[in-house]
Amino acid sequence: MIHAKRQADLGRREEALRASEEAVAIYRELAALNRDAFLPDLALSLCARGDVLAAGAEFLAASESYFEGLQLYLSIVHLAPEEIGPRVQRNLIKLVNALRSAGKSEAEIAAVLKRLGLDPPPAP
């Protein structure tokens, strides 16, 4: 994840995307072996991949990555609300922004948020 961020900061989008994909793959495997220990890292990696995709104007792909990361965060937020709650808020904003940038309507955005069990945000 750190490598992907560094690559993105240097303008190396392809390298950043590749690093973020590798992080997601590794944390998927680790979370499959030990869910409690690695699920937060998988959620973080998914949202970081969303950041890289959004930076490259791949807003639908970014929204899918944010959505999956948020699903995971929401499933564990009760375990550490002070730590995970702010991550949920930040990535929820990123999800909504990615959906809007992808041209999704407010009704479509509300439907996505409903799938997460959340209320829609106020219209911009």
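I'd like the projected area of the chain, averaged over all directions, using the convex hull of its alpha carbons. Report it in nm² with one decimal.
Hull-based average projected area comes out at 7.5 nm².
Just want the ordering: Ser65, Ser75, Ser105, from fewest to most Cβ atoms lying within 10 Å of their own Cβ.
So the ranking, lowest neighbour count to highest, is Ser105, Ser75, Ser65.
Once you place label points 7 Å from the Cα toward the Cβ at Glu15 and Gln71, how far apart are they in nm?
3.3
When the helices in the chain are scored as -39500 (n - 2.57) per DSSP H run of 4 or longer and the sum is shared across all residues, what 222 nm value do you end up with, to the nearest 500 deg cm²/dmol?
About -26500 deg cm²/dmol.
Provide Tyr73, Tyr27 in ascending order of the number of other Cβ atoms located within 10 Å of each residue's Cβ, fewest first.
Numbers: Tyr73 25, Tyr27 21.
The fewest-first ordering by Cβ neighbours comes to Tyr27, Tyr73.
Throughout, read-outs are computed from the coordinates displayed, never taken from laboratory work. In this text, all values refer to a predicted model and were calculated from it rather than measured experimentally. Please note: Cβ atoms are built from the backbone with ideal geometry, for glycine as well, and neighbour counts cover all protein chains shown.
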